[in-house]
Amino acid sequence: MNVKNLMAELERKHPGESEYLQAVQEVLESIEEVYNQHPEFEKAKIVERIVEPDRIFTFRVTWVDDKGEVQTNLGYRVQFNSAIGPYKGGLRFHKAVNPSMLKFLGFEQTFKNALTTLPMGGAKGGSDFDPVGKSDAEIMRFCQAFMTELWNNIGVDTDVPAGDVGVGGREIGFLNGMYQKLARKYHTGVLTGKGMTWGGSELRPEATGYGALYFVQHMLDKAGKSLKGATVAISGFGNVAWGAAQKATELGAKVIAISGPDGVIYNPNGMTDEKIDYMLELRASNRNIVAPFAERFPDATFTPGKKAWSVKCDIALPCAFQNELNGDDAKELIANGTWCCAEVSNMGCTPEAIHAFQSAGVLFAPGKAVNAGGVATSGLEMTQNCMHISWSGKEVDEKLHYIMESIHEACVKYGTQEDGTVNYVKGANIAGFMKVATAMLEQGII
Ligand code: GLU
């Protein structure tokens, strides 16, 4: 394999798909050396096949808003790779959603799901529907219209969607209701992230954030550091940021910043249960602003237009969106003494930021390893649904712990460098790739 030639070919085929090309380039650069030691991969053209989705469904979603006006959005499902199991991955509702974004997410999901130890292929979907400012009734009508197109292409053993940015428990409820009505199938396992009374798993809402902090714990242990007393800056205030803030606080760290598109909250005294609960209220308001946090809690201050990375912290946890931490942000963090950055969002850091962290010796781990606890717990939800049982929160938490430890071990196995430090980007990419590539090889040219 020659990464430069492969990338040039992909750029020619998919011009302008910047997020997708960025995600592919990162993986190819990490795996190049190992790949070239496996002539059987080269012969089966594994890499040329693995970078292209199996198929993409694109559809029109038409619905009526509260004013009675007809609205039209685009809907997508990218079924990326099913070599190790049924397609699995979230749905993103965000105004910037386009095929490049969903292809990057589906590609990342394929390797992330492979890392979880569970048999799940990779997928992603969503819409350019913007939930900001929408009423609950509008969100319901949109979800129903979206599902009238999607339902025929998903299923317990084919493709199992879940939430992502803009899609949480409320949306999964509306989507599942419409699925059951259309499909006349009442298996609880066709979507994950469900409510607790209709097949949801204990701890699924918390799992992405909790899993991320379990991963960080292992990473810090290995480097002889600890979360205790560390200051943590988190971007975002949604479901993932909420779980991360909760677990970081429980493990003895102080969460001193959260942020939104409108600016940053500086929270010098750390989180309390009340503050963590309020993050949920902020998210549910559909306003996508974090400023009211400082009105509600006077010991916190709001600075408009600033990112979480402007706050001096030991550990940075991007929990919002791709490329939300760039090279300049990384430099600012490094200058302020940050010694660890773990991506909890998918591809939260730009390549320049990752490079800056790695060159400065900042502990860095990529999203596909750090945030895999979310989809892993979705996998556990699918298992419970198929077995028609539900595990206690304690049981799910134990399994989540085990999975995050296994992912960390896989990163160490494939990412340990000559000086004994771990390159987690390389480790995660090689571990995920080897599993999917082997599965593809053994199943022939299809
Ligand atoms: N959207 C989440 C992710 O990026 C969860 C996907 C799922 O649970 O299927 O991994």
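The values are calculated or read from the model by the stated rules, or taken from the named source; none is laboratory data. On a predicted model such as this, the values are computed, not experimentally measured, just so you know. Cβ atoms come from the backbone with ideal geometry, glycine included; neighbour counts cover every protein chain shown. Heavy atoms of the whole protein, side chains included, go into the accessibility calculation; ligands, DNA and RNA do not. Shrake-Rupley method; radii C 1.70, N 1.55, O 1.52, S 1.80 Å.
Return the calculated 222 nm mean residue ellipticity for the chain, to the nearest 500 deg cm²/dmol, obtained by summing -39500 (n - 2.57) across DSSP H runs with n ≥ 4 and dividing by the residue count.
Result for the chain, helices only: -15000 deg cm²/dmol.
Å³ per residue of the Cα convex hull, for the chain?
Normalising the Cα hull of the chain by residue number yields 138 Å³.
Whole number please: convex hull volume per residue, Cα atoms of the stretch 374-446, in Å³.
Roughly 119 Å³ of hull volume per residue.
Take the alpha carbon gyration tensor of the stretch 292-445, find the square roots of its eigenvalues, order them as a ≥ b ≥ c, and report rounded if a/c is under 1.5; if not, report prolate when a/b exceeds b/c, else oblate.
oblate
How long are the semi-axes of the equivalent ellipsoid of the stretch 215-346, taking √(5λ) for every eigenvalue λ of the Cα gyration tensor, in whole Å from largest down? Intermediate results must be reported in sequence, preceding the final value.
On the way: eigenvalues 93, 54, 36 Å².
Square roots of five times the eigenvalues give 22, 16, 13 Å.
If you count, for each residue, the other Cβ atoms within 10 Å and average over each peptide, how do 264-273, 2-11 line up from highest to lowest?
Final packing ranking: 264-273, 2-11.
Could you give the accessible area per residue of the chain, probe 1.4 Å, as a whole number in Å²?
Computed with neighbouring chains in place, this is 40 Å² per residue.
Tell me which DSSP H helices of the chain clear both cut-offs, 18 Å or more of axial length from alpha-carbon atoms and a mean Kyte-Doolittle hydropathy of at least -1.0.
Passing helices, by number: 18-35, 99-115, 136-150, 169-183, 204-222, 372-387, 393-415, 424-442.
If I model a spin label at Lys185 and Met387 as a point 7 Å from the Cα along the Cα→Cβ vector, what separation in nanometres do I get?
2.2 nm
Work out how much length Trp198 to Leu280 would gain on full extension: take 0.36 nm times their residue separation and subtract the Cα-Cα distance, in nm to one decimal.
Working: separation 82, 0.36 × 82 = 29.52 nm, distance 2.11 nm.
That pair, Trp198 and Leu280, stretches by 27.4 nm at full extension.
Does the stretch 149-221 come out rounded, prolate or oblate by the C-alpha gyration tensor, with a ≥ b ≥ c the root eigenvalues, rounded set by a/c under 1.5 and, if not, prolate when a/b is larger than b/c and oblate if not?
Because a/c hits 1.5 or more and a/b exceeds b/c, the stretch 149-221 counts as prolate.
7 Å from Cα along Cα→Cβ at both Asn152 and Arg287: what's the point-to-point distance in nm?
About 4.3 nm separates the two model spin labels.
Could you check how much of the accessible area of the chain is carbon and sulfur, as a whole percent, using a 1.4 Å probe?
Numbers: 9240 of 17830 Å².
Percent of accessible area from carbon and sulfur atoms in the chain: 52.
Using the basic label-point model (7 angstrom from Cα toward the beta carbon), what is the Arg49 to Gln358 distance in nanometres?
Taking the two extended label points, one gets 2.8 nm.
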